[in-house]
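Have a look at the structure below before the remarks.
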Amino acid sequence: MNDTPTDSIPDRQYCGLIAIVGRPNVGKSTLLNALVGQKISITSRKAQTTRHRITGIRTLVDGENTGRQFIFVDTPGFQTQHTAALNKSLNKTVMGAIEGVDVILFVVEAGKFTLADAKVLSLLSKNIPVILVANKLDNLHRRAELAPWLREMQGRFAFSEFVPMSAKNPQDIQRLLTICSPYLPEQPWWHDADELTDRSEKFLAGEIVREKLFRLTGDELPYTSTVVIDLFKEEKSRQYGRMVRIAATIVVERDSHKAMIIGDSGSRLKRIGTEARVELEKLMDCKVFLELWVKVRSGWADDETHVRSFGYE
């Protein structure tokens, strides 16, 4: 299979939904980006980086004029430690994503199985095929431990396949795509061959700003911080061709968090904005003007009305 675009519709088309599920920080978003072949989901070491159902699309056509469209659904990590309105919204998103899919990729760290992993596994339907993706194989120091661990996992659930791999290894990604292929029903494609996601550029802009926010504040900033896009306006420009103006508000719960984001003389906020703008220009292939503000909304993550108003389901 390859990614070569085709102007004609293949003789045979296969298309299916594949959910990517697992506890926080097992590499689901990194895996999604690798499977799609381009970054569409943000990543960081902070738990709960992914907060929405994000769909990634990969369309491949082989030499026999058979086309396969993989529609991957990345989900937030299932939350077991918090009961805030935000967490309930995230868990609802996970549950909604695993209904009606053709196959589920259950992602864990190779050689590990925690109580949080067990909680996610208990949610999975036995009527939908589940592939165990043992990710971060490169972090497993003793490969001899893998075989007994896989046997142990086999006893926990009737997995359809076992795939030890690293999402950073292109050969492993191709192998996983091949393994997923037989689970795609024969039916017309749902999306055009060149589509990569069903999310808008406005949505991706908010996600990229939030990624830079998390990466540049490390563990100092609580996971409840979020980003709201106030303005997303496309303009014609003689100088740049296409130009987009974006204004975004970073929402935090305390004044101390606001000061932390702004930094000395605004240095940290400026860096967040610069790194986000550079990545957005690359992603959208246009000139971007980005303006960032920071506002305090105390207790927003516990308020269902605020959670919904900030774009969470």
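Does LEU115 satisfy the criteria of being open to solvent by less than 50 Å² (accessible area, probe 1.4 Å) and over 17 Å from TYR183 (Cα atoms)?
Working: open to solvent by less than 50 Å² (accessible area, probe 1.4 Å): no; over 17 Å from TYR183 (Cα atoms): yes.
Answer is no for this residue.
Report the residue count in segment 270-289 for those that are open to solvent by less than 30 Å² (accessible area, probe 1.4 Å) and either more than 23 Å from the chain's Cα centre (by Cα) or within 16 Å of LEU231 (Cβ to Cβ) (or both). Full working, then the answer.
Let us first name the residues in segment 270-289 that are open to solvent by less than 30 Å² (accessible area, probe 1.4 Å), namely 272-273, 276, 280, 284, 286, 288.
Cutting the leftovers down to either more than 23 Å from the chain's Cα centre (by Cα) or within 16 Å of LEU231 (Cβ to Cβ) (or both) gives us 273, 276, 280, 284, 286, 288.
Counting residues in segment 270-289 that are open to solvent by less than 30 Å² (accessible area, probe 1.4 Å) and either more than 23 Å from the chain's Cα centre (by Cα) or within 16 Å of LEU231 (Cβ to Cβ) (or both) gives 6.
Return the total of residues in segment 39-68 being open to solvent by less than 10 Å² (accessible area, probe 1.4 Å) and modelled with pLDDT of 85 or more.
4
Would you mention how many residues in segment 93-109 are closer than 19 Å to VAL26 by Cβ and either in contact with a Ser or Thr (Cβ under 7 Å, 6 or more places away or on another chain) or open to solvent by 10 Å² or more (accessible area, probe 1.4 Å) (or both)? Lay out the reasoning, then the answer.
The initial filter retains those residues of segment 93-109 that are closer than 19 Å to VAL26 by Cβ, namely 93-95, 97-98, 101, 103-109.
So of that shortlist, the ones also either in contact with a Ser or Thr (Cβ under 7 Å, 6 or more places away or on another chain) or open to solvent by 10 Å² or more (accessible area, probe 1.4 Å) (or both) come out as 93-95, 97-98, 101, 109.
Number satisfying all stated conditions: 7.
Just name the residue that is nearest to GLY100 (Cα to Cα) out of those in segment 168-214 that are β-branched (Val, Ile, Thr) and within 18 Å of the chain's Cα centre (by Cα).
Checked segment 168-214; the qualifying residue nearest to GLY100 (Cα to Cα) is THR197.
With the condition kept exactly as written, say whether any residue in segment 229-242 is assigned to a loop (DSSP other than H, G, I, E, B), in contact (Cβ under 8 Å) with a residue 12 or more places away in the chain, closer than 30 Å to GLY67 by Cβ and open to solvent by 50 Å² or more (accessible area, probe 1.4 Å).
Within segment 229-242, none of the residues are assigned to a loop (DSSP other than H, G, I, E, B), in contact (Cβ under 8 Å) with a residue 12 or more places away in the chain, closer than 30 Å to GLY67 by Cβ and open to solvent by 50 Å² or more (accessible area, probe 1.4 Å).
If I filter segment 154-162 for residues that are assigned to a helix (DSSP H, G or I), modelled with pLDDT under 95, farther than 23 Å from ALA34 by Cβ and under 19 Å from the mean Cα position of the chain (by Cα), do I get at least one hit?
no
So which residues in segment 183-193 are out of contact with any Phe, Trp or Tyr (no Cβ under 9 Å at 6 or more places or on another chain) and either β-branched (Val, Ile, Thr) or surrounded by 12 or more Cβ atoms within 10 Å (Cβ to Cβ) (or both), if there are any at all? I'd like the intermediate steps shown before the answer.
Filtering segment 183-193 down to residues out of contact with any Phe, Trp or Tyr (no Cβ under 9 Å at 6 or more places or on another chain) leaves 183, 188, 190-193.
TYR183, TRP190, HIS191, ALA193, listed by residue number.
In this structure, is ASP138 touching a residue at least 40 places away in the same chain (Cβ under 8 Å) and assigned to a helix (DSSP H, G or I)?
Working: touching a residue at least 40 places away in the same chain (Cβ under 8 Å): no; assigned to a helix (DSSP H, G or I): yes.
So ASP138 fails the test.
Restricting the first residue to segment 15-38 and requiring it to be more than 17 Å from GLU211 (Cα to Cα) and open to solvent by less than 10 Å² (accessible area, probe 1.4 Å), which pairs with a second residue that is at pLDDT below 90 and small (Gly, Ala, Ser) meet a Cβ separation below 8 Å and a spacing of at least six or different chains?
That search, which allows pairs on different chains as well, returns ALA19/ALA97; VAL21/ALA97; GLY22/GLY77; LEU35/GLY56; VAL36/GLY56.
Exactly one of (1) open to solvent by 30 Å² or more (accessible area, probe 1.4 Å); (2) within 27 Å of LYS28 (Cβ to Cβ); (3) part of a helix (DSSP H, G or I); (4) small (Gly, Ala, Ser) is unmet by ALA259. Its number?
Going through (1) open to solvent by 30 Å² or more (accessible area, probe 1.4 Å); (2) within 27 Å of LYS28 (Cβ to Cβ); (3) part of a helix (DSSP H, G or I); (4) small (Gly, Ala, Ser) one by one, ALA259 breaks only (2).
Can you confirm whether segment 1-11 contains a residue that is open to solvent by less than 10 Å² (accessible area, probe 1.4 Å), under 14 Å from the mean Cα position of the chain (by Cα) and modelled with pLDDT under 90? Show your work before the answer.
First pass over segment 1-11, keeping only residues open to solvent by less than 10 Å² (accessible area, probe 1.4 Å): 10.
With the extra rule that they be under 14 Å from the mean Cα position of the chain (by Cα), the set shrinks to none.
No, there is no match, as no residue in segment 1-11 is open to solvent by less than 10 Å² (accessible area, probe 1.4 Å), under 14 Å from the mean Cα position of the chain (by Cα) and modelled with pLDDT under 90.
Out of all the residues in segment 136-169, which are over 13 Å from VAL108 (Cα atoms) and among the hydroxyl-bearing types (Ser, Thr, Tyr)?
SER160
One line per residue, one yes/no per condition, for (1) within 25 Å of GLY56 (Cα to Cα); (2) in contact with a strand residue (DSSP E or B) (Cβ under 8 Å, 6 or more places away or on another chain):
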| site | (1), (2) |
| --- | --- |
| LYS202 | yes, yes |
| PHE214 | yes, no |
| PHE232 | yes, yes |
| LYS236 | no, yes |
| ALA248 | yes, yes |
| LYS258 | no, yes |
| ILE261 | no, yes |
| SER265 | no, no |
| LYS270 | no, no |
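Kindly check whether there is at least one residue in segment 155-164 that is open to solvent by 60 Å² or more (accessible area, probe 1.4 Å), free of Cβ contacts under 8 Å to residues at least 60 places away in the same chain and aliphatic (A, V, I, L, M).
yes
In segment 149-167, what count of residues is obtained for those that are within 20 Å of GLY100 (Cβ to Cβ) and among the basic types (Lys, Arg)?
Going through segment 149-167 one residue at a time, the tally reaches 0.
Against the definition (assigned to a helix (DSSP H, G or I), open to solvent by 20 Å² or more (accessible area, probe 1.4 Å), β-branched (Val, Ile, Thr) and in contact (Cβ under 8 Å) with a residue 24 or more places away in the chain), how does ILE173 come out, yes or no? Before you say what the answer is, go through the steps one by one.
Details: assigned to a helix (DSSP H, G or I): yes; open to solvent by 20 Å² or more (accessible area, probe 1.4 Å): no; β-branched (Val, Ile, Thr): yes; in contact (Cβ under 8 Å) with a residue 24 or more places away in the chain: yes.
Spelling it out, it is not the case that ILE173 is assigned to a helix (DSSP H, G or I), open to solvent by 20 Å² or more (accessible area, probe 1.4 Å), β-branched (Val, Ile, Thr) and in contact (Cβ under 8 Å) with a residue 24 or more places away in the chain.
The values are calculated or read from the model by the stated rules, or taken from the named source; none is laboratory data. Remember, it's a predicted structure, so these values are computed and weren't measured experimentally. Note that each Cβ is placed from the backbone with ideal geometry, even for glycine, and that neighbours are counted across all protein chains shown. Keep in mind that these areas ignore ligands, DNA and RNA; they rest on the heavy atoms of the full protein, side chains included. Shrake-Rupley method; radii C 1.70, N 1.55, O 1.52, S 1.80 Å.
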